[in-house]
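Report on the following structure.
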Amino acid sequence: MTAMPAATLVTSTHSEGVWSLAWKRLKSDRVGLVSMAVVALFAVLLLAAASGLVASNWQAERGVSYAPPTLLGPAPEFAAMPGMPASDAAGPAQPLLDLTAVDPLAPRYAEWDAATQKQSIETVTQSPTLPFGGDRLGRSVLDKAIKGAQISILVGVLAAVVAAVIGTVLGAFGGFFGGRIGDLLEWVYNVFTSIPGILLILAFAAVFGRGVTSVVLILGLTGWTGIYRLVRAEFMKHAGRDYVRAAEAIGASPLQRMFRHILPNVSHIVLVQLSIHVVGFIKYEVILSYLGLGVSVDQVSWGTMLAEAQSELILGYWWQLATATLFMAVFVTAFSLMTDALRDALDPKLRGLED
């Protein structure tokens, strides 16, 4: 009997990586795949809005004031209003009066009138209805919701990245070194967690002011504590394991052991926490913008739309509130379900695949 080649033995003992196994588990989750497709659709929509392909003229007054959705039809006062002939609106041209004796500027009137006749006036036709309705100025609610999604989701993602970086770095140092460094970081953590979250956010908002950058910094600087706590516990658990001691024995520095050896083994926790924080920070951005502490006045977000809809709802114009709520609910629900699917796929213990 001939011996099996060495190459065959190597191939037969090859095992799949963590990410390939996670992708296999994720493919078996239909709800997770559907939620990922919805999130990907929003991502495409945001890229189109950022590049100016859609909702680039969201400030344009396309319709009449409070134009209802197309499915409801035009408001009764606009549906019954007859059209005005152009001749009635313009009227016959009247000759200029001779005011030379009393007005020293009268000789220039003819010159100015001739220059005025050469100017063209563009008449914008305002539609009585819009696909999802219009706001007080006649701007399309659909365009505002798309542009608002760009701002709100961008703020949520960037703020979550800032919080994840701060929480991961501080948690790594606190869990790996311990001692005085760990005690100092624990004191900072306790200071931040002893203050109610919404009060801390409002305090930072009063200092930084309004704007996208300010909101990202506010949420990032106040939302890192949860990630810090989990990462610190994982680094404390992994710091004494055999593979870390082996890396120390071959001369790896503390930073190499922290971020080259331990961090890849706890990255799934950071990724899942990052996804959870995106949803939470989008909600906080909506609250800040609703209170007038979020994005600047020349920008639109889901929060500013809800703030405008508050006064509109009293007058019976509900479509801006419904559109902003629909967009936010669909994205937040899909992103939350995708986060649950990622957690189940990346953590085999939750699926009973490991002891």
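The values are calculated or read from the model by the stated rules, or taken from the named source; none is laboratory data. Owing to the predicted nature of the structure, the values given are computational and were not obtained by experimental measurement. Cβ placement follows ideal geometry from the backbone for every residue including glycine, while neighbour counts extend to all protein chains displayed. Ligands, DNA and RNA are stripped out before the accessible areas are found, and what is left, the full protein with its side chains, is counted by its heavy atoms. Shrake-Rupley method; radii C 1.70, N 1.55, O 1.52, S 1.80 Å.
What to note about this one:
- Scanning region 308-333 for residues that are among the charged types (D, E, K, R) and out of contact with any Phe, Trp or Tyr (no Cβ under 8 Å at 6 or more places or on another chain) gives a single hit, Glu308.
- Of the residues Gly178, Gly167, Gly171, the single one that is modelled with pLDDT under 90 and either in contact with a Phe, Trp or Tyr (Cβ under 8 Å, 6 or more places away or on another chain) or surrounded by fewer than 24 Cβ atoms within 10 Å (Cβ to Cβ) (or both) is Gly178.
- Every test in (1) at pLDDT 65 or above; (2) charged (D, E, K, R); (3) open to solvent by 90 Å² or more (accessible area, probe 1.4 Å) is passed by Asp98 save one, and that test is (1).
- Of the residues making up region 217-249, those that are within 16 Å of the chain's Cα centre (by Cα) and open to solvent by less than 60 Å² (accessible area, probe 1.4 Å) are Ile218, Leu219, Gly220, Gly223.
- Matching residues in region 173-226 - criterion: being aliphatic (A, V, I, L, M) and farther than 29 Å from Gly294 by Cα: Ile181, Leu184, Leu185
- Enumeration of residues in region 144-200 that are more than 18 Å from His238 (Cβ to Cβ), in contact (Cβ under 8 Å) with a residue 24 or more places away in the chain and among the polar types (S, T, N, Q): Gln150, Ser152, Thr193
- Some residue of region 104-115 being modelled with pLDDT of 75 or more and under 50 Å from the mean Cα position of the chain (by Cα): yes
- Looking at Leu53, Leu71, Leu46, just one residue is surrounded by 12 or more Cβ atoms within 10 Å (Cβ to Cβ), on the phi < 0 side of the Ramachandran plot and modelled with pLDDT of 70 or more, and that residue is Leu46.
- Restricting attention to region 29-43, the residues that are in a helix (DSSP H, G or I) and either open to solvent by 40 Å² or more (accessible area, probe 1.4 Å) or in contact with a Ser or Thr (Cβ under 6 Å, 6 or more places away or on another chain) (or both) total 10.
- Among helices (runs of 4 or more DSSP H) entirely within region 226-335, having at least 1 residues that are in contact (Cβ under 8 Å) with a residue 60 or more places away in the chain and of a type in the set (Phe, Trp, Tyr) singles out 263-290, 302-314.
- Of the residues Ser301, Ser267, Ser253, Ser336, the single one that is open to solvent by less than 20 Å² (accessible area, probe 1.4 Å) and among the hydroxyl-bearing types (Ser, Thr, Tyr) is Ser301.
- Taken over region 116-143, the residue count meeting the criterion of being at pLDDT below 70 and either surrounded by 10 or more Cβ atoms within 10 Å (Cβ to Cβ) or over 30 Å from Val300 (Cα atoms) (or both) is 2.
- Single residue of region 199-216 satisfying the filter (of a type in the set (A, V, I, L, M) and open to solvent by less than 70 Å² (accessible area, probe 1.4 Å)) that is modelled with the highest pLDDT: Val216
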